[in-house]
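Worksheet for the structure shown next.
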Amino acid sequence: MVENSRDAARARADLRFKKQEEAATVRQKAMAEYAAESDARQAKTNKLRALRLAKEAEDLANAPAEPAKKPARAKKK
């Protein structure tokens, strides 16, 4: 009887350990996916920022050289 209860306790402990290991594996996989998504998002943001800055620099280079005229003020009576 004592040996049977030891076997049952060991089986329960093994099952609990196996569940904890599976949970740890799931957490690690989720964190890896989260990190990959974060890296992809950051890369996309950097690419779009570079494209926007290049367009702004091109627009600035192609801007007219003459300064914009100030609108004429209305004369007071």
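Laboratory data are not the source of any read-out in this text; all were calculated from the coordinates shown. What you see is a predicted model; the values in this text were computed from it and never measured. Here the Cβ positions follow ideal geometry from the backbone for every residue, glycine too, while neighbour counts run over all protein chains shown.
Points to keep in mind about this one:
- Spin-label model distance (nm) - residue 56 vs residue 13, 7 Å beyond Cα toward Cβ: 6.4
- Near residue 40: Cβ cut-off under 11 Å, other residues only, Lys/Arg at +1 and Asp/Glu at -1. The net charge is 0.
- Point-to-point label distance, residue 6-residue 20, nm (Cα→Cβ direction, 7 Å offset): 2.2
- 21 Å Cα-Cα reach of residue 19 towards lysines, excluding residues that sit fewer than 8 places from it in its own chain: 29
- Stretched out straight at 0.36 nm per residue, the stretch from residue 72 to residue 48 would grow longer than its current Cα-Cα span by 4.6 nm.
- Rounded to the nearest 10 degrees, the angle from helix 2-61 to the longest Cα principal axis of the chain is 10 degrees.
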